[in-house]
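Okay, so here's the structure we're looking at.
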Amino acid sequence: MKILGIESSCDETAASVVQDGRILLSNVINSQIDIHAVYGGVVPEVAARSHIEVINPVINQALTEANATWDDIDAIAVTYAPGLIGSLLVGTLAARTLAVLKNKPLYPIHHVEAHVYANFLNKSQPKFPILALIVSGGHCQLVLFRDHGDYELLGQTQDDAVGEAFDKVAKIIGLPYPGGPSIASAAMHGNPTAYHLPKAKLSGKYDFSFSGLKTAVLRAVQREVGVDFTFPSSGLAERLNDVQRHDFAASFQRIAIETLVDKTKKAFYDYSPNSVVIAGGVAANQELRRILSQQIPLPIEYAPMNLCTDNAAMVATLGYYYAQKKQPTSPFELEVIPSLSMTKTNW
Ligand code: KG4
Ligand code: ZN
């Protein structure tokens, strides 16, 4: 079964063809990072317009690279939730139109759930129960998957997602957007214990919080450059030298990773899963992979870098498993849901 996946929930326009939920035939990703880097973050209106410009060429390229015609495609899977409303609309409208025109079944896919399915591609399959640490620019949660479509949300961030914290801290210390990769590379030159930053204590056993850490970095930078807390964050970066910048990157990254690892470890010993996977954009972080592997006595599973950040291969892969259990949705009725927690998507 060959599924065409379509993804446009944030700032990547992507299409991919996946066979039987595990063989990647094509994976086309048009990233808007350069467009949004100018603003230091994603501008929703700009993102939606850019999706409109490239969605058709991206889909055509995915078919060409897979050596597939429409006759070869058995179904279409598309991200319908969660994400930016204007961005989601472009992908879902393209998918709905193609489903009608080409007479293909249509499957609606939850973006955060799909991130986990990047781990089912091109390699040995994770074994249930799977403990998944899902860490991206919009999400930070620990989920226990008992089976396909049968999962339990164990904990989640109470404020910022961890990727969002990387992006915001990068802006404060003067590193380019997206902050995750730029903090990770700056941190390689820095001292991770140079600055003392606090770890959030939360009542929820597996919950996270990152906004206090971000504020702690802000206050520490203000102290370091000799200004008080009223000094605007936008003027701080130019007062830091490279040694301080690298030390802040490394100190922040250390605490952010320890926070993720502490909670994942707790959940691991409480639930004894057969596999542990990290998914989402922040799963691309090498230091997170290294520390987690040291702390957990199972091989940690993660996808290659280009399948950790947003892509449509993960959407097509989840679409395959979804199609085994569920009826397709009507292309005339599918609506986007910009904020839909994973707890509400049981299938
Ligand atoms: O999954 P993703 O592509 O988009 C969302 O669904 O949010 O994740 C993007 C996030 C951004 O916040 C980015 O800074 C972060 O993933 N990220 C990283 C790394 N690469 C991307 N964070 C830490 N280390 C990285 N190497
Ligand atoms: Zn994502």
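The values are calculated or read from the model by the stated rules, or taken from the named source; none is laboratory data. Small disclaimer: the values here were computed from a predicted structure and weren't measured. Heads up, the Cβs are rebuilt from the backbone with ideal geometry, glycines too, and the neighbour counts pull from every protein chain shown.
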Within region 6-29, count every residue that is modelled with pLDDT under 95 and either part of a strand (DSSP E or B) or closer than 20 Å to THR69 by Cα (or both).
-> 1
Taking the condition surrounded by fewer than 17 Cβ atoms within 10 Å (Cβ to Cβ) and either of a type in the set (A, V, I, L, M, F, W, C) or not assigned by TED's automatic domain parsing to the domain that holds SER234 (or both), does TYR80 pass?
-> no
Can you tell me which residues in region 163-184 are among the aliphatic types (A, V, I, L, M) and more than 11 Å from ligand 1 (Cβ to nearest atom)?
-> ILE172, ILE173
Of the residues that make up region 327-335, is at least one in a helix (DSSP H, G or I) and assigned by TED's automatic domain parsing to the domain that holds THR13?
-> no
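This table checks each residue for (1) free of Cβ contacts under 8 Å to residues at least 60 places away in the same chain; (2) of a type in the set (A, V, I, L, M); (3) closer than 17 Å to GLY41 by Cα.
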{"position": "GLY155", "(1), (2), (3)": "no, no, no"}
{"position": "LYS171", "(1), (2), (3)": "no, no, yes"}
{"position": "ARG223", "(1), (2), (3)": "yes, no, no"}
{"position": "ASP228", "(1), (2), (3)": "yes, no, no"}
{"position": "VAL243", "(1), (2), (3)": "yes, yes, no"}
{"position": "ARG254", "(1), (2), (3)": "no, no, no"}
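Are any of the residues in region 283-294 more than 18 Å from the chain's Cα centre (by Cα), of a type in the set (Gly, Ala, Ser) and more than 16 Å from ligand 2 (Cβ to nearest atom)? Talk me through it step by step, then tell me what you get.
Quick first cut of region 283-294, residues more than 18 Å from the chain's Cα centre (by Cα) only: 290-291, 293-294.
In the following step, the residues that additionally are of a type in the set (Gly, Ala, Ser) were identified as 293.
Restricting the remaining residues to those that are more than 16 Å from ligand 2 (Cβ to nearest atom) gives 293.
For region 283-294, residues more than 18 Å from the chain's Cα centre (by Cα), of a type in the set (Gly, Ala, Ser) and more than 16 Å from ligand 2 (Cβ to nearest atom): present.
Is it true that VAL282 is in a strand (DSSP E or B) and either surrounded by 17 or more Cβ atoms within 10 Å (Cβ to Cβ) or not hydrophobic (A, V, I, L, M, F, W, C) (or both)? Reasoning before the result, please.
Numbers: in a strand (DSSP E or B): no; either surrounded by 17 or more Cβ atoms within 10 Å (Cβ to Cβ) or not hydrophobic (A, V, I, L, M, F, W, C) (or both): yes.
No, not satisfied.
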Residue list for region 1-44, restricted to those being within 12 Å of ligand 1 (Cβ to nearest atom), more than 16 Å from the chain's Cα centre (by Cα) and surrounded by fewer than 16 Cβ atoms within 10 Å (Cβ to Cβ) | ALA37
Take the residues in region 114-138 that are crowded, with 24+ Cβ neighbours inside 10 Å and at pLDDT below 95, then tell me which one is farthest from the chain's Cα centre (by Cα).
-> GLY137
Could you say whether any residue in region 216-233 is within 20 Å of ASP262 (Cα to Cα), touching a helix residue (DSSP H, G or I) at 6+ places or on another chain (Cβ under 9 Å), within 16 Å of ligand 1 (Cβ to nearest atom) and modelled with pLDDT of 95 or more?
-> no
Determine whether region 139-162 contains at least one residue that is near ligand 1 (Cβ under 10 Å from one of its atoms) and either surrounded by fewer than 19 Cβ atoms within 10 Å (Cβ to Cβ) or assigned to a helix (DSSP H, G or I) (or both).
-> yes
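So if I check each of ALA256, ALA316, ALA249, which one is crowded, with 16+ Cβ neighbours inside 10 Å, under 21 Å from the mean Cα position of the chain (by Cα), within 16 Å of ligand 2 (Cβ to nearest atom) and not in a loop (DSSP other than H, G, I, E, B)? Give the steps one after another, and end with the answer.
Working: ALA256 fails: within 16 Å of ligand 2 (Cβ to nearest atom); ALA249 fails: within 16 Å of ligand 2 (Cβ to nearest atom).
Among ALA256, ALA316, ALA249, only ALA316 is crowded, with 16+ Cβ neighbours inside 10 Å, under 21 Å from the mean Cα position of the chain (by Cα), within 16 Å of ligand 2 (Cβ to nearest atom) and not in a loop (DSSP other than H, G, I, E, B).
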Only one residue in ALA48, ALA75 is more than 15 Å from ligand 1 (Cβ to nearest atom), touching a helix residue (DSSP H, G or I) at 6+ places or on another chain (Cβ under 8 Å), at pLDDT below 95 and over 13 Å from ALA313 (Cβ atoms). Which one?
-> ALA48
Every listed condition ((1) more than 27 Å from SER8 (Cβ to Cβ); (2) within 11 Å of ligand 1 (Cβ to nearest atom)) holds for VAL282 save (1)
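Does region 260-278 include one or more residues that are in a loop (DSSP other than H, G, I, E, B), within 14 Å of ligand 1 (Cβ to nearest atom) and either modelled with pLDDT of 95 or more or surrounded by fewer than 17 Cβ atoms within 10 Å (Cβ to Cβ) (or both)? Show your work before the answer.
Within region 260-278, the first condition is being in a loop (DSSP other than H, G, I, E, B), and the residues that meet it are 272-274.
Next, only the ones that are within 14 Å of ligand 1 (Cβ to nearest atom) stay: none.
No, because not a single residue in region 260-278 is in a loop (DSSP other than H, G, I, E, B), within 14 Å of ligand 1 (Cβ to nearest atom) and either modelled with pLDDT of 95 or more or surrounded by fewer than 17 Cβ atoms within 10 Å (Cβ to Cβ) (or both).
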